[in-house]
Amino acid sequence: MARTETPRRIRGTQDIFGDEQRRFAHVLSTFERVRALYCFQRIDIPVFESTAVFARSLGETTDVVSKEMYTFEDRGGDSLTLRPEFTAGIARAYLTEGWQQFAPLKITTSGPVFRYERPQKGRFRQFHQIDAEVIGAAEPGADVELLVLADQLLRELGIADGVTLQLNTLGDADTREAWRAALVAHFEAHRGELSEDSLTRLEKNPMRILDSKDPKDRPIADSAPDIDAYLTPEARAFFDAVTAGLDAAGVAWERNARLVRGLDYYRHTAFEFVTDRLGSQGTVLAGGRYDGLIGSLGGPETAGVGWAAGVERLAMLLEEPAAAGIDAVVVPMGAAAEARATGIVADLRRAGVAVEMAYKGKMKARMAKADALGARFAIILGDDELAKGVGAVKALATGTQTEVAFADLAEALR
């Protein structure tokens, strides 16, 4: 009979366990705690959407849409795509679920996202993001609140040192139009010196040449005109309000006039929190204002601003998290004690006490398990204890041991 081959983990996926899982969980629990301080509501949306949701919102020409999406046809013949990011699905939900009545809507979510790209350190094909959005607020105060939320999250995770907030403005629609024309003229004048990729971008998305990584493009990109000369008074006032708000909240920032978002629905604020603690300079959290997105999906023109961060990348920056301690390990000796211990363990857990049962091996091995788990106490049950209706409670730090009635165990362990 042929031996069945053991299945393998799919490339670009991960099984998260132990210390790695503790880091991961710490990022998510801190995010949940901080978002509640800012009165953001939690939502959950589908893992897959109609392909059109992402194609229309991310732009047909982007690498995500053209090369990286997991797209498939379901049994009904519909084209579906696993979400490569959250914002498009949130915008779709805002339209289809009638959430306009709740605007301005402050919401967060988290979960897996999917992109078919080359796996590398901190980058997977199924990875995880946390996401925060404010929809229906055109005021710069919404941008400020999201940025202060992000700053506090990084501080509470203990990873703010060495992380810098880079900020830029993309202006309003009139600003972008004027700046885009100036960029096209600049790049056309240097057409013969641009890379193949940038020549393609010049036709479809010239702003993306500014963040080209190709060394051939850098001198031309670096000498391109800045947006500041094309800002309308309204756009300049908006950016000034955002930076003044950050200053008032004590959030440090620096201007990066080369920070862009290629898609036309992005407006005003664009930002990234960057660090060099992940090797080459890496982005740990990024976002911007996307006032034109919901309109591009067929809805009414609606203001929006948001950010996302990779959970894996944040977790890599964390100090080693301590394993969760437990209150007690119950050590039963003999069949009668094991039977009684099952009820005691259930009662203690219902009373809010974190308890493990050590039911394998000799007494020494069971006590060693209690130590290894980091328990504060061991509760020893043998025939003598059963006869008296008590547990022998041993404080593992000091070695002192006392007898406690079964009914009083929960209180004694607290």
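Where residues in the range 144-164 are of a type in the set (A, V, I, L, M, F, W, C) and outside any helix (DSSP H, G or I), which of them is nearest to the chain's Cα centre (by Cα)?
In this case the residue turns out to be Leu157.
Which residue out of Val355, Val260, Val284 is surrounded by 17 or more Cβ atoms within 10 Å (Cβ to Cβ), of a type in the set (Val, Ile, Thr), in contact (Cβ under 8 Å) with a residue 24 or more places away in the chain and in the same structural domain as Val390 (by TED's automatic domain parsing)?
Result: Val355 is the single residue among Val355, Val260, Val284 that is surrounded by 17 or more Cβ atoms within 10 Å (Cβ to Cβ), of a type in the set (Val, Ile, Thr), in contact (Cβ under 8 Å) with a residue 24 or more places away in the chain and in the same structural domain as Val390 (by TED's automatic domain parsing).
Between Asp247, Asp291, which is more than 23 Å from the chain's Cα centre (by Cα), acidic (Asp, Glu) and either outside any strand (DSSP E or B) or closer than 22 Å to Pro206 by Cα (or both)?
Within the list Asp247, Asp291, the selection yields Asp247.
Any residue at all in the range 384-391 that's in contact (Cβ under 8 Å) with a residue 24 or more places away in the chain, surrounded by 12 or more Cβ atoms within 10 Å (Cβ to Cβ) and assigned to a loop (DSSP other than H, G, I, E, B)?
no
So, of the residues in the range 266-288 that are part of a strand (DSSP E or B) and aliphatic (A, V, I, L, M), which turns out to be nearest to Asn205 (Cα to Cα)?
Applying the filter and picking the extreme gives Ala270.
Filter the range 287-307 for residues that are crowded, with 20+ Cβ neighbours inside 10 Å and among the polar types (S, T, N, Q) and give the result.
Matches in the range 287-307: Thr302 only.
Every residue in the range 34-51 that is in a loop (DSSP other than H, G, I, E, B), among the hydrophobic types (A, V, I, L, M, F, W, C) and out of contact with any helix residue (DSSP H, G or I) (no Cβ under 7 Å at 6 or more places or on another chain), please.
Cys39, Phe40, Ile43, Val47
Within the range 1-28, can you find the residues that are more than 26 Å from Ala324 (Cβ to Cβ) and either hydroxyl-bearing (Ser, Thr, Tyr) or touching a strand residue (DSSP E or B) at 6+ places or on another chain (Cβ under 6 Å) (or both)?
Within the range 1-28, Thr4, Thr6 meet the criteria.
The values are calculated or read from the model by the stated rules, or taken from the named source; none is laboratory data. Quick caveat, the model's predicted, so the values are computed rather than measured. Methodologically, a virtual Cβ is constructed for each residue, glycine included, from the backbone with ideal geometry; neighbour enumeration extends over all protein chains shown.
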